[in-house]
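Before any comments, here is the structure.
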Amino acid sequence: MTRKQLHAAINWIIKGTIAAFLLFTLYREVVGREDAAALWMAWKQQLHRGQWQWLFGVLLLLPANWSLESQKWRYLLRPFWRVPFVQAFRAVMIGVSVSLITPNRVGEYAGRVLAVPARHNYHAVLAMLAGSYAQLLAILSIGIIGASYFMDTLLDGYQLMNLKGWWLAYPAVGMLFIGFFNMSRLTEVFRKLPLPRSILRVVLMLRQYNRWQLAVALGLALARYAVYSLQYYGLILFFGIEAPPTAAFAGIATIFLIQTSVPLPPALALLVRGEAALLVWEPYSSNSWGILAATFGLFIINLCLPALLGVVFFVKTNVLKSLGYEKNIVQDEPLQRLADLSHGFRATRKKGPTHGGSRRPRGSGESLFDRQ
């Protein structure tokens with residue numbers, strides 16, 4: 001067997017194993033659940049009652065949701081590599097697929113790395129870290145405000161002030177905002193720590209982001225938050241949960257906040273969101289199966305459908321090449337200047353003549369990572 005044939009065989013073994021596991025996970029969570037029959041019955045009953053316009057609206061917002069996420073990641077990747085939108089969208093879909101089997105969607109990082117050239121793997125991870133930070137700020141800031149309104153106004157006999165330390169959440173989120181908009185300054189702090197150079201090199205890449213770029217990323221994160229909040233609102237209207245708009249969006253923010261606080265795979269986080277949904281929506285509806293079906297439906301529409309598309313993209317991906325285990329990985333890639341990995345690690349050049357009596361041209365400093 002030639003090396004090329006061996007690589008092809010390994011590729012298909014890896015892709016086949018992961019794809020089969022992902023499809024099994026999707027089947028187990030959509031069809032194999034213990035309460036799947038009751039949830040699907042709730043859907044069938046509601047479909048017979050009409051209100052199709054709300055469901056169509058939710059489906060129409062699906063492309064907007066993931067297009068905003070793709071654009072956010074693509075925008076944050078731009079200082080290192082100008083990736084086409086189609087390729088960014090493909091990477092995001094693969095990430096959605098892999099994230100279904102990992103806690104707190106950690107697998108989304110690995111999924112996106114597989115969809116970019118090997119030399120940009122670090123850049124892909126860094127852009128997603130910054131984008132996830134922005135999305136977390138959107139969820140926490142709006143979630144805390146929504147939870148404060150919901151718990152203090154809508155829950156009878158429950159005073160938010162009785163929760164010890166709740167108000168510390170506001171300055172804590174404020175500190176997170178300060179850290180987000182001062183990423184470049186944080187690199188100087190990390191540079192003084194005894195970190196391995198491989199990690200420090202990635203951290204120093206944060207200097208590529210200025211406050212305007214981070215503000216745009218945060219704006220995209222807020223826009224995406226608004227989209228999937230509207231999707232959830234459309235589903236509760238579809239299932240006849242008649243909550244006033246203010247109370248509804250406060251409840252939605254509370255549910256997203258609770259789910260984000262629990263580091264579980266999306267499939268298990270659905271259980272947490274279901275319990276939170278019962279707490280939030282039961283004052284407005286006695287149809288507990290309809291409440292759970294709305295939460296289940298959002299999971300199917302926003303994660304399972306994109307995950308199926310992601311599996312298709314994943315099967316078409318050369319995994320070994322994406323991870324840098326095949327030769328000629330730089331073919332058809334951007335110029336070297338757009339993928340510089342030194343980021344400040346330049347050897348200081350001593351003054352005076354070099355061997356042979358000539359000076360090295362300015363700007364040709366050797367990267368410390370190029371030395372043996």
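Quick notes
- Which numbered condition Ser132 misses (of (1) of a type in the set (S, T, N, Q); (2) free of Cβ contacts under 8 Å to residues at least 12 places away in the same chain; (3) surrounded by 23 or more Cβ atoms within 10 Å (Cβ to Cβ)): (3)
Each row is one residue, and each column tells you yes or no for (1) outside any loop (DSSP other than H, G, I, E, B); (2) aromatic (Phe, Trp, Tyr); (3) modelled with pLDDT of 85 or more; (4) under 23 Å from Val86 (Cα atoms).
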position	(1), (2), (3), (4)
Ala250	yes, no, yes, no
Leu279	yes, no, no, no
Phe299	yes, yes, yes, no
Leu303	yes, no, yes, yes
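- Only residues that are part of a helix (DSSP H, G or I), touching a residue at least 24 places away in the same chain (Cβ under 8 Å), within 19 Å of Gln259 (Cα to Cα) and of a type outside the set (Ser, Thr, Tyr) were counted in the range 99-129, giving 3.
- Filtered residue count, the range 165-178, keeping only those that are surrounded by 13 or more Cβ atoms within 10 Å (Cβ to Cβ) and within 13 Å of Tyr133 (Cα to Cα): 3
- Failed item in (1) surrounded by fewer than 20 Cβ atoms within 10 Å (Cβ to Cβ); (2) within 16 Å of the chain's Cα centre (by Cα), with His48 passing the rest: (2)
- Identity of the residue in the range 52-79, among the hydroxyl-bearing types (Ser, Thr, Tyr) and either surrounded by fewer than 19 Cβ atoms within 10 Å (Cβ to Cβ) or touching a Leu at 6+ places or on another chain (Cβ under 9 Å) (or both), that ends up nearest to Tyr209 (Cα to Cα): Tyr75
- Within the range 210-248, the set of residues being crowded, with 20+ Cβ neighbours inside 10 Å and in a loop (DSSP other than H, G, I, E, B) comprises Phe239, Ile241, Ala243.
Here's the yes/no breakdown for (1) more than 28 Å from Ser97 (Cβ to Cβ); (2) under 17 Å from the mean Cα position of the chain (by Cα):
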site	(1), (2)
Gly179	yes, no
Asn182	yes, no
Arg185	yes, no
Leu193	yes, no
Gly219	no, yes
Arg224	no, yes
Phe239	no, no
Thr260	no, yes
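- One residue alone among Ala37, Ala64, Ala42 is part of a helix (DSSP H, G or I) and at pLDDT below 80, and that residue is Ala37.
- The C-beta contact set for the range 36-61 (first residue within 22 Å of Gly274 (Cα to Cα), second residue exposed (fewer than 14 other Cβ atoms within 10 Å of the Cβ), distance under 9 angstrom, 6+ apart or interchain) comprises Trp40/Val31; Leu55/Leu47.
- Within the range 179-205, considering residues that are outside any helix (DSSP H, G or I) and closer than 19 Å to Met128 by Cα, the one modelled with the lowest pLDDT: Asn182
- All positions within the range 124-150 that are of a type in the set (Phe, Trp, Tyr) and in contact with a Ser or Thr (Cβ under 9 Å, 6 or more places away or on another chain): Tyr149, Phe150
- Search result, residues across the range 104-123 that are under 12 Å from the mean Cα position of the chain (by Cα) and of a type outside the set (Lys, Arg): Asn104, Val106, Gly107, Glu108, Tyr109, Ala110, Gly111
The values are calculated or read from the model by the stated rules, or taken from the named source; none is laboratory data. Small disclaimer: the values here were computed from a predicted structure and weren't measured. Note: ideal-geometry Cβ built from the backbone for every residue, glycine included; neighbour counts use all protein chains shown.
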